[in-house]
Amino acid sequence: MFRPRPDATAPTIQLEVEGRVVAVPIDTTAAAAVLLAGFDDIRESAISGARRGPYCMMGVCFDCLVEIDGVPNRQGCMVTVEAGMRIRRQRGPRALSLTEPEPNPHHEGGG
Ligand code: FES
């Protein structure tokens, strides 16, 4: 199990992981917050549904994808937590939006 160092004395902030209110040290990443909340997996793969946990913790492997404040596909290891943040483990592929995409201001004709 992932635990903070016993001598850690950093101030903490509160946020939600899977609906549970947890206190984590400031400057913790979202991926570490999920582990500190007691979960050992952070997502399920899009094809097989295999359980995955954060591996590299430096933005390379993408095994830490989470939903943060309703936004899916965030790399949990690259996001620093904020008070009140809501983190959910990602299950399979993210849902596709059924709304029209915003026009691209960099393309003439709104394409
Ligand atoms: S744990 Fe590898 S990209 Fe986040």
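Some values worked out for this structure:
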{"item": "Within region 25-47, tally of residues that are over 14 Å from GLY92 (Cβ atoms) and within 15 Å of the ligand (Cβ to nearest atom)", "result": "11"}
{"item": "In region 48-99, the residues that are within 8 Å of the ligand (Cβ to nearest atom) and touching a Pro at 6+ places or on another chain (Cβ under 7 Å)", "result": "ASP63, CYS64, GLY76, CYS77"}
{"item": "Qualifying positions in region 24-40 - at pLDDT 95 or above and touching a Pro at 6+ places or on another chain (Cβ under 6 Å)", "result": "ALA31"}
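Results for (1) closer than 17 Å to ARG3 by Cβ; (2) touching an Asp or Glu at 6+ places or on another chain (Cβ under 8 Å); (3) part of a loop (DSSP other than H, G, I, E, B), shown as yes or no for each residue.
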site	(1), (2), (3)
ALA33	yes, no, no
SER48	no, no, yes
MET58	no, no, yes
GLU67	no, no, no
PRO72	no, no, no
ALA95	no, no, yes
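So that you can scan it fast, the table gives a plain yes or no per residue for (1) over 11 Å from the mean Cα position of the chain (by Cα); (2) among the small types (Gly, Ala, Ser); (3) at pLDDT 95 or above; (4) buried (at least 18 other Cβ atoms within 10 Å of the Cβ):
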{"position": "ARG5", "(1), (2), (3), (4)": "yes, no, no, no"}
{"position": "VAL22", "(1), (2), (3), (4)": "yes, no, yes, yes"}
{"position": "ILE42", "(1), (2), (3), (4)": "no, no, no, yes"}
{"position": "ILE47", "(1), (2), (3), (4)": "yes, no, no, no"}
{"position": "CYS56", "(1), (2), (3), (4)": "yes, no, yes, no"}
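The values are calculated or read from the model by the stated rules, or taken from the named source; none is laboratory data. Keep in mind the model is a prediction, meaning the values are calculated, not measured. Don't worry about glycine lacking a Cβ; one is built from the backbone with ideal geometry, like all the others, and counts go over all protein chains shown.
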